[in-house]
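Reading through the structure tokens given below for one structure.
The values are calculated or read from the model by the stated rules, or taken from the named source; none is laboratory data. If you're wondering where the values come from, they're calculated on a predicted model, not measured in any experiment. Counting neighbours? That spans all protein chains shown, and the Cβs are built from the backbone with ideal geometry, glycine included.
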Amino acid sequence: MRNRSGFIVGIEVKASATVTTADFKGLHKLAAACKSRFSIGLVLYDHDKIIPFGDRLYAAPVSAIWH
């Protein structure tokens, strides 16, 4: 997704309650392609915790969409 300022937000959705670094492979590629325009990458998953996975990469609960 691109926000109004032109920055890119990457979002992936998993049905699982666990997340590993491998789940961020696509977001790493997106970040490399977008360079300075990449704002944040999120893997939405079936859990209740936000977990950092590196620079501007996070696993977040699917429910975060509604909060």
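Worth a mention:
- Test set (1) modelled with pLDDT of 95 or more; (2) of a type in the set (Ser, Thr, Tyr); (3) more than 11 Å from the chain's Cα centre (by Cα) - Tyr58 fails condition number: (3)
- Residue match in region 19-30 (condition: touching a residue at least 12 places away in the same chain (Cβ under 8 Å), part of a helix (DSSP H, G or I) and more than 23 Å from Arg2 (Cβ to Cβ)): yes
- Region 8-26, residues that are within 15 Å of Arg56 (Cβ to Cβ) and not charged (D, E, K, R): Ile8, Val9, Gly10, Ile11, Thr21, Phe24, Gly26
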